[in-house]
Amino acid sequence: MMFQFAKEGDPFILVFASLTIISYIFRMHWLMAVCLIFTLFMFYFFRDPDRITPQDRNAFYSPADGKIIVITEAKEDEILRENRLKISIFMSPMNVHVNRAPCDGVVREVVKYYPGKFLSAFKDDASIVNEHISMLLEGGHGKIVVKQIAGFVARRAVCRVKPGDNLKQGERYGIIKFSSRLDVFLPLNTEVKVKLGDKVKAGETILGIIGNNL
C-alpha cells in the first residue's frame, strides 16, 4: 500500500521543510530542530491512508476518524429543516483528517460555506456558530447532510465535490485542517451501531444500519 498525503498539506510541508533547510544552512540548530519537528508533524497530520470499505447499501459508515461525542435526535435546520439522527465526531490533531462519504449518493445541494466563530469543537454550539461546510447527499435511503466544522485550532474545511457529483461509499470528499468536528444527519429509523466515546475510522466503522422499510 502506497503511503500518501492529502494535497492540502503540500503548502505546510513545503514551508516547514524549507525553513528546516535554511536554518541548517545558517547553522541555527535550535531553529532547525523546531522546524524539523513541525515538518514531521505536517507529514503525519496530512497522511491519507487507503481504506477498504465493504460495500453495504444499508450501512452508513463514519465520514471521519475520531471520537463519538454526540448521538441524539436533532433538527437539521440549514438544508433539510427537519429532525434527523445526529451523530457528531470529534477529530483531534492526531487523527487522520480526510473525510469520506458515509454512503453512495449524489451531491444534490450546493456546498454551503458558513463563516463564523472558532469555538472548541466539543462545545454544543460549535455546529451552529462555527465556520462550516454542509453537503447534502442523496442516496438509496433518502437525503443525509454531512457538516464539516472548524474548531478552535482548525481554521479551514475543504470540500472537494460539487453538486451533481457521484460519491461512492467510503470515497474521499474533503478534509478539515487540524482539530475539528464533523456532524452527520441520518434518517431517524437508522439503527445506531456506535455509542458515546467510541473511536471510529472513516470508511471502516459503521455508524448505523437502515432497513429496507424506509
Legend entry - Yes/no for residue 182 being over 27 Å from residue 42 (Cα atoms), surrounded by 15 or more Cβ atoms within 10 Å (Cβ to Cβ) and at pLDDT 85 or above: no
Legend entry - Residues of the range 67-92 classified as part of a loop (DSSP other than H, G, I, E, B) and either polar (S, T, N, Q) or loosely packed, with under 15 Cβ neighbours inside 10 Å (or both), total: 3
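To keep it simple, each residue is scored yes or no on (1) at pLDDT below 60; (2) within 23 Å of residue 206 (Cα to Cα); (3) assigned to a loop (DSSP other than H, G, I, E, B).
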position: 109; (1), (2), (3): no, no, yes
position: 121; (1), (2), (3): yes, yes, yes
position: 136; (1), (2), (3): no, yes, no
position: 147; (1), (2), (3): no, yes, no
position: 155; (1), (2), (3): yes, no, yes
position: 161; (1), (2), (3): no, yes, yes
position: 170; (1), (2), (3): no, yes, yes
position: 189; (1), (2), (3): no, yes, yes
Legend entry - Selection status of residue 97, touching a helix residue (DSSP H, G or I) at 6+ places or on another chain (Cβ under 8 Å) and loosely packed, with under 14 Cβ neighbours inside 10 Å: no
Inset, instruction - Residues being under 21 Å from residue 58 (Cβ atoms) and either among the hydrophobic types (A, V, I, L, M, F, W, C) or within 10 Å of the chain's Cα centre (by Cα) (or both): count how many of those fall in the range 170-198. - result: 7
Inset, instruction - Give me a count of the residues in the range 100-113 that are surrounded by 16 or more Cβ atoms within 10 Å (Cβ to Cβ) and of a type outside the set (A, V, I, L, M, F, W, C). - result: 5
Inset, instruction - Filter the range 18-56 down to residues that are exposed (fewer than 14 other Cβ atoms within 10 Å of the Cβ), within 21 Å of the chain's Cα centre (by Cα) and charged (D, E, K, R) and give me whichever is farthest from residue 85 (Cα to Cα). - result: 50
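The values are calculated or read from the model by the stated rules, or taken from the named source; none is laboratory data. The structure presented is a predicted model; accordingly, all values stated were derived computationally and were not measured. Please note: Cβ atoms are built from the backbone with ideal geometry, for glycine as well, and neighbour counts cover all protein chains shown.
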